[in-house]
Amino acid sequence: MSSARVVITGLGSISPVGNTSVEMWESLCAGKCGIDKITAFDPSGFSCKIAGEVDEFKVQKYLPKSERKAVKMMSRDIKLSVVAADEALRSSGLVTKGIDAENINVEPSRMAINFGAGLISCDLEELAPAVAASVSEGKFDVRKWGKEGVELVTPLWLLKYLPNMLACHVGIIHDIEGPSNTITCAEAAAQLAIGEASQIIARGDADVALAGGAEAKVNPLIMIRQCLLGRATSENNAEPESACRPYDADAKGAVFGEGAGVVVLENLEKATERGAKIYAEVAGIGQSNSINSAYEHLEADGKGVQIAIEKALADAEIVAADLDLIIPHGTGIAADDLAESRGIEAALGGAVSDVAVWPTKSMLSNTGAACGAIDVVAAVFAITEGKIPAAKNCDKKAEGCNLNIVTEEIKKEIRYVLCCSYTYGGQTAAIVLKRFED
Amino acid sequence: MLDKGNKERVVITGMGVICPMGHDVETMWSGMMTGKNGVGKTTIFDASTCPTTFSAEVKNYDMSKYTRKTQLHECGSRGSSFVVGAVSQACGQAGIDIETDEPSDGIERSRLGVYLGAGEGSVDNEAFFNSIANGWDGEKNEMDWGKWAETAFGQMSATCELEQESNMPVAHVTMVTGARGPTRSCLTACAASTQAIGEATNIIRRGDADVMIAGGAHSMIHPLGLMGFNRLTALSTRNDSPETASRPFSASRDGFVLGEGAAVVVLESLSSAEKRGAEIFAEVIGYGSSSDAFRVTDMHEDGRGAAQAIRSALSDAGISYKDVDYVNAHGTSTTENDSIETKAIKAVFKEEAKNTPVSSVKSMLGHLIGAAGAAELITCVLAIRDNTAPPTMNLHDKDGELDLDYVPNEPRKMQIDVAMNESFGFGGQNNVVIIKRYQE
C-alpha cells in the first residue's frame, strides 16, 4: 500500500490584507490591518459595524472564456474560492484545463478537491421581491409564497448557495475528476479539509489535491447571527484597527470578514518527478472536538484543542519542544481565547513558555471557513521566509494566558509550525507543517 | 507519517434510522418488504399552493424516547433532533454507552469519532421572511438594512440561528456519545452521507479511530428548500397521486420526492469489535469518490463520473463487478439521474449489467438528501442479512433505454453477499460504498 509523503507545492489566498498570498504576507509583516467600517451594506443598525472586506476583484479575470457565463450562478463565497484556487495552481506550475487547455500537464482523475465552506447566506436583496409579493396584512403568508412568490425567484437560485458549489465550480474550471468533498465545520472547516485531502493523497487515492476554504461573512444575515450570539465585538466600532485583540486583556469580541485560502497538496514523488518547487511538507494531522452544552463556546479547559494538538504532534512524530511556531485560532473572544490557550498549554507542557505564538485574526479578521487555510498559507511563508511577524493588538496578555505571543518580529530558521483551529459546534483541528528536507 | 500502512478491516456493528417509513431500522425494512411508502401531503408547513404539495415527512417523532436530556437537543433543527434518535438506536445495538461520563463499553472516547453528511437547518421562517418584508423598499427597489436589522434583532433568536449551521448535528451527537475522536461534517448534496461513511471508514483503516459513528441527517422540507427544488424543476409535481410519485426508472417519472430523516451506522475496526464481542452485521470493503467536473446543473451525459466512482470502489475493495450481487441505486426518479445512472452501471458491469439486480428504495422512502446514502446503506446491510433485494416500487411503464433488472414492485429472495450503494450529488460528486457479508 501507498505511504506517500505529502508536500505543499502551491499557495493562493485572497484576504482583507491583499488579493494574493504574496501581498497578504507583506501586509502581515508590515502589521497592516484589514478591518474597517463595513461598506458591503449599511451597518448602522447593527451592534458590530466593522469587518474585514477584501479589495474589489473581478472573478471573470480568473475564468477561461468558456466558464464566464457561470458567474451568474456564483455566490460571493464561490468567487473567492475561484480566485484563490487560480493563484494556488499557477504558483504550483501545474497546468489544468482552466490555466491553459492546450498544455495540460496533470491527470484529471488523479486530482482531488476538498474545501471548507460556510453556511452560505442567500442574497436577501435578490430574494426580497418574491418575499414582498408574499405578504398579506403586513405579514409573510406562506400560501401567497407558494402561489406568487416562488415563481419570482430565479430558477437556479438554490445552486448558488449549496456549500459544495465552491468545489464544484473550481473542479469544473480546472477539470478535477478525482474525489471531491466539502467540509462544513465552520471555522475549523479549512484545516479539516486540508487534513482530509492530505490523507487522500497519502492513501493513494489522488496524486494532487486542491484544498482549503472560503467564506464571505460580510453579509447582513451572517453578521447579525454573530451579533446575536454575542461573538462579534460591539465596543470597538470607532477603532477598527485595534478592534480585534486575541489573547489581550482588553479583548471584546471577534471581527468577521471574508476571504479564501487554497494550497496545492501533492504526492512528494510526483512533485519531485516534475521538478516542482516544494514549499513545505504536511507532517501531521490531528482532530478532536470540544464538548460543551453551550456549544457556541469552547469548553473552559480546551480539552478538545489539546487532544487535536497531541494527535498532530504524534502523527508528525515530534515533541512539543520541536515546534518553532504556533498559529492559533485566537479570535478575540476572551473566554474562547483563554480556553484555547489552556488547551495549547496542556498539550505543550513546559514548552509553552518557549514556542512562539502568532495570532493573525487581529489583522485578517475571522474569515470563518477560510481562516484555517489562510493561516496555513501564512505558516508556509513563515517557513520559506524564515520570519515570524509581530502579533498585533496583544498589548497586555489576558490573565491566565501563558502563551508566548510574538510581540516583535523574529528572524530564524523555522522547521516545524503548528496551525490549529476550532469552531462553535465543537470540532477542533491541528496540522503540523515541516520545512521541506529531502 | 501521514499513511501508517495500517489497514484495519472495518465492520458495521450498529444501525439507526429515523425516516418517513418509521423510526427504527426494522420498521423501515419491513415496510419496504411490503412496498409501503412514506409519502403524503406536506404538513410541516402549508404547501398547498406550491407547485409540489407533498413530501416524505418524518411523522410523530418523539425524541424523548431516545434521550434523557431532551432540553439539550430540542433547540436543534429537525435534522439534529432526528440524528439523536438514530444515534441512540445505533449505539444501543453496538453496545456503546450514551449520556454518561463514565462509559464502561471498552471504547476510549478519544478513539470514538463522528462523521456526518449533514444538512443545514431550516431558516427561522417567520423571522427570516418578515425581516426581509419589513426591510424591503419596493419604491427604491432595495433593502433598507436599518429596518431589516430592527426586525431581525427583534425576532431572531441566537440559538435558532446557530442551529442552522450544518455542523450542529455533529455537535449534538458528540454531546450524546462523549466522542472525542475525529469529528467532521461534510455536505456534498445528495451524496453526503455515503461520502461520510466512506471517509469515516478510511479514518479507521488509517488507525485514527477504533469506532466512528457515520451517516447523515437532513430536512429541506421548508418553504425555501421546496421552492429551491421546485424552481430547478427537480421535484415530482404529481400532486394527485403522492404515493406513486416516486417512480425511479419508470418512463413516466417526473422528479424526486423530497424527504427528510437521519440514518447512522456504527463503523468499527474488526479488532475492536472482536475485543468487545460486538455483533457484526457486515463489512465495509470498498469506497470510491469522484467528480463529474462537467456542469453544476447537469450530470455528465455518459455518466463518466458515476462510472469512475464505481470503478474506484471496486478497486478499493479488490473485487470485480462480477462479484457484486446487488446494487442499491441512487435512483432519484428524475429523468436525468435514472438514465445516466443506468449508463454508468452498463459501462462498468458490461455483460453482467442486465444480470445484476439494481433497485431504488427512494420509490418508498423519498429522497432524504444528505441523509439518503446512509439510510440506503442500511437497506444494503439488511438485504445481505435476509438475502432479499428490496423492490423499486411504482415501476409499471418501463423506459425503453432503461433495461436493467430494477427489481420491479416486489422484493426478491436471492443470495446477496456483496452489495453496492451509489449516491450522486447535485454539482457532480459521486460516492460509492461496497459492503460484504462478514466472514472471519
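The values are calculated or read from the model by the stated rules, or taken from the named source; none is laboratory data. Not measured: the values here are computed from a predicted model. Glycine gets a Cβ as well: all are built from the backbone with ideal geometry, and neighbour counts include every protein chain shown.
A few points about this structure:
Okay, residues lined up against (1) in the same structural domain as B:S320 (by TED's automatic domain parsing); (2) out of contact with any Asp or Glu (no Cβ under 9 Å at 6 or more places or on another chain):
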| position | (1), (2) |
| --- | --- |
| B:L235 | no, no |
| B:S241 | no, yes |
| B:V257 | no, yes |
| B:E260 | no, no |
| B:V265 | no, yes |
| B:E268 | no, no |
| B:A293 | yes, no |
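- Residue tally, condition assigned to a strand (DSSP E or B) and among the β-branched types (V, I, T), over region A:195-244: 1
- Sole residue being within 26 Å of B:G178 (Cα to Cα) and over 21 Å from the mean Cα position of the chain (by Cα), chosen from A:L348, A:L403, A:L323: A:L348
- Unmet criterion (only one of (1) in a helix (DSSP H, G or I); (2) within 14 Å of chain A (Cβ to nearest Cβ)) for B:F45: (1)
- Among residues of region A:117-135 that are more than 7 Å from chain B (Cβ to nearest Cβ) and more than 30 Å from A:L192 (Cα to Cα), those with a beta-carbon under 9 Å from a residue that is buried (at least 20 other Cβ atoms within 10 Å of the Cβ) and small (G, A, S) at least six positions away or on a different chain give the pairs A:P129/A:G149; A:A130/A:G149; A:A133/A:G149; A:S134/A:G146; A:S134/A:G149; A:S134/B:A133.
- Every condition in (1) surrounded by 15 or more Cβ atoms within 10 Å (Cβ to Cβ); (2) within 28 Å of A:A189 (Cα to Cα) holds for B:W145 except the one numbered (2).
- Options B:A171, B:A133, B:A127, B:A149: the member that is in a helix (DSSP H, G or I) and more than 8 Å from chain A (Cβ to nearest Cβ): B:A127
Here is a yes/no grid of residues against (1) within 14 Å of another protein chain (Cβ to nearest Cβ); (2) under 26 Å from B:A171 (Cβ atoms); (3) modelled with pLDDT of 95 or more:
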{"site": "A:C394", "(1), (2), (3)": "no, no, yes"}
{"site": "A:K397", "(1), (2), (3)": "no, no, yes"}
{"site": "A:G400", "(1), (2), (3)": "no, yes, yes"}
{"site": "A:I405", "(1), (2), (3)": "no, no, yes"}
{"site": "A:E408", "(1), (2), (3)": "no, no, yes"}
{"site": "A:V417", "(1), (2), (3)": "no, no, yes"}
{"site": "A:Y422", "(1), (2), (3)": "yes, yes, yes"}
{"site": "A:Q427", "(1), (2), (3)": "yes, yes, yes"}
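- Annotation note: of B:I98, B:I132, the sole residue that is touching a helix residue (DSSP H, G or I) at 6+ places or on another chain (Cβ under 9 Å), in contact (Cβ under 8 Å) with a residue 60 or more places away in the chain and of a type in the set (V, I, T) is B:I98.
- Applying the criterion of at least 2 residues that are of a type in the set (A, V, I, L, M, F, W, C) and touching a residue at least 40 places away in the same chain (Cβ under 8 Å) to the strands (runs of 3 or more DSSP E) found wholly in region B:326-440 leaves B:418-425, B:429-436.
- Meets criteria (under 28 Å from B:F424 (Cα atoms), more than 7 Å from every other protein chain (Cβ to nearest Cβ), under 22 Å from the mean Cα position of the chain (by Cα) and surrounded by fewer than 24 Cβ atoms within 10 Å (Cβ to Cβ)) for B:A234: yes
- Boolean, A:A70 is touching a strand residue (DSSP E or B) at 6+ places or on another chain (Cβ under 7 Å) and either surrounded by 16 or more Cβ atoms within 10 Å (Cβ to Cβ) or among the small types (G, A, S) (or both): no
- The sole residue among A:E299, A:E317 that is farther than 30 Å from B:H172 by Cβ, free of Cβ contacts under 8 Å to residues at least 60 places away in the same chain and acidic (D, E) is A:E317.
- Enumeration of residues in region A:1-51 that are within 14 Å of another protein chain (Cβ to nearest Cβ), outside any strand (DSSP E or B), at pLDDT 95 or above and over 30 Å from B:S131 (Cα atoms): A:R5
- Positions within region A:217-233 being in contact with a helix residue (DSSP H, G or I) (Cβ under 7 Å, 6 or more places away or on another chain) and either closer than 30 Å to B:I203 by Cα or surrounded by fewer than 24 Cβ atoms within 10 Å (Cβ to Cβ) (or both), in sequence order: A:L221, A:L228, A:L229
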